[in-house]
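Visitor: Below is one structure. I have some questions about it.
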Amino acid sequence: MTAPTTATTGDRDPAGYTSPLPTPRPHLGHALASEWTKLTSVRSTMWTLGVLVLLVVGIGGTVIVQTRSLDYEQMPFIAPALFGLLVGQLALMVLGVLTITSEYGTGLVRTTFTAAPDRYRVLTAKYLVFGITAFLTTAGSVCLVGLAASILRDGPGAGHHPPSEWASGLVGSLYVTLLGVLALAVGALVRHSAGGIAVMLGVVTLPPVIGGVLSIWEAVAPVGRILLQYNAPVAMMELFGMPTNASDPASGEMVIPGSLSHMTVILLLTGAAVAGSYVVVGRRDV
């Protein structure tokens with residue numbers, strides 16, 4: 001049996017100990033470096049972003065090959081990128097969910113919050129690292145397709161293409177990035193990879209289907225029209241300058257909102273989900 005240790009007069013006070021190692025005060029830069037290391041050290045990042053680039057550039061290149069200069073008289077050069085992005089956005093949303101749910105699934109989140117007790121700083125770093133990476137990857141792929149189309153199809157009859165087309169491509173890339181940020185926020189709320197991916201698939205694919213069904217019945221037709229007007233595929237087509245040709249099954253032609261309305265909706269939806277994720281992550285036990 002070990003006798004309790006009694007402090008003597010000559011012992012040094014532990015509170016006065018000074019470590020010889022440098023102990024800088026942690027800040028957001030440290031959290032960003034940590035999240036960047038985690039994001040780039042897992043295979044899911046390479047696979048999902050690789051699939052996104054492959055779909056946007058591959059399908060966009062195929063569209064360019066199958067079109068003529070005359071086809072771009074009313075169509076912007078960035079439009080071929082839209083066809084691959086409609087599918088590639090799913091890969092970006094999967095990465096957004098996995099960015100945080102993989103830590104909950106493996107239990108790494110306990111180590112993360114032990115090393116960095118400020119949960120809001122960790123979550124902010126995740127949003128920044130993922131958002132910047134997603135936007136640069138998406139915008140780079142879209143610009144690559146647009147550049148290829150402008151080089152190969154800028155012939156006689158292609159029409160006038162103002163520089164604002166490229167700005168539209170960047171805004172469209174921002175819209176897809178916000179969908180990925182929304183997926184990250186949903187992942188923080190549900191803390192389950194399959195559940196978060198299922199929610200995001202429903203957010204993107206179900207509104208056009210449900211809107212078409214609800215528009216048949218007069219009592220719920222206004223709700224159906226709103227879902228047909230405000231959904232991700234229609235918003236992306238509008239942002240990339242493609243004709244939407246949306247129609248109401250009950251009354252015929254339908255007016256599609258402009259790009260500003262679609263961006264406002266996705267900003268409000270993503271902002272609400274991000275705010276909810278901060279509240280939940282700050283209060284919930286891990």
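The values are calculated or read from the model by the stated rules, or taken from the named source; none is laboratory data. All values reported here derive from a predicted model rather than from experimental measurement. In this analysis, Cβ positions are derived from the backbone assuming ideal geometry, glycine residues included, and neighbour counts consider all displayed protein chains. Keep in mind that these areas ignore ligands, DNA and RNA; they rest on the heavy atoms of the full protein, side chains included. Shrake-Rupley method; radii C 1.70, N 1.55, O 1.52, S 1.80 Å.
Visitor: Which one of VAL204, VAL199, VAL142, VAL181 is within 20 Å of VAL234 (Cα to Cα) and modelled with pLDDT under 95?
Guide: None of the other options fit; the residue is VAL204.
Visitor: More than 30 Å from SER168 (Cβ to Cβ), under 17 Å from the mean Cα position of the chain (by Cα) and assigned to a helix (DSSP H, G or I): is that true of GLY187 in this structure?
Guide: no
Visitor: For segment 129-167, what are the residues that are at negative phi and either in a loop (DSSP other than H, G, I, E, B) or touching a Lys or Arg at 6+ places or on another chain (Cβ under 6 Å) (or both)?
Guide: Of everything in segment 129-167, those that are at negative phi and either in a loop (DSSP other than H, G, I, E, B) or touching a Lys or Arg at 6+ places or on another chain (Cβ under 6 Å) (or both) turn out to be ARG153, ASP154, GLY155, PRO156, ALA158, HIS160, HIS161, PRO162, PRO163.
Visitor: Can you list residue pairs whose Cβ atoms sit under 8 Å apart, with the first residue in segment 104-115 being touching a residue at least 40 places away in the same chain (Cβ under 8 Å) and at positive phi and the second being assigned to a loop (DSSP other than H, G, I, E, B) and among the aromatic types (Phe, Trp, Tyr)? Count only pairs 6 or more apart in sequence or on different chains.
Guide: none
Visitor: Step by step: first the residues of segment 18-32, then only those that are of a type in the set (A, V, I, L, M, F, W, C) and closer than 26 Å to LYS126 by Cβ, then the one that is least open to solvent (accessible area, probe 1.4 Å). Which residue is that?
Guide: Going through the qualifying residues, I end up with ALA31.
Visitor: Being closer than 30 Å to GLY187 by Cα and open to solvent by 40 Å² or more (accessible area, probe 1.4 Å): is that true of LEU85 here?
Guide: no
Visitor: Given (1) part of a helix (DSSP H, G or I); (2) over 16 Å from GLY241 (Cβ atoms), identify the lone condition not met by LEU170.
Guide: (2)
Visitor: On the given criteria, is PHE130 modelled with pLDDT of 90 or more and crowded, with 22+ Cβ neighbours inside 10 Å?
Guide: yes
Visitor: Which one of these is surrounded by 20 or more Cβ atoms within 10 Å (Cβ to Cβ), in contact with a Leu (Cβ under 6 Å, 6 or more places away or on another chain) and modelled with pLDDT of 95 or more: VAL56, VAL94?
Guide: Testing whether each residue is surrounded by 20 or more Cβ atoms within 10 Å (Cβ to Cβ), in contact with a Leu (Cβ under 6 Å, 6 or more places away or on another chain) and modelled with pLDDT of 95 or more leaves just VAL56.
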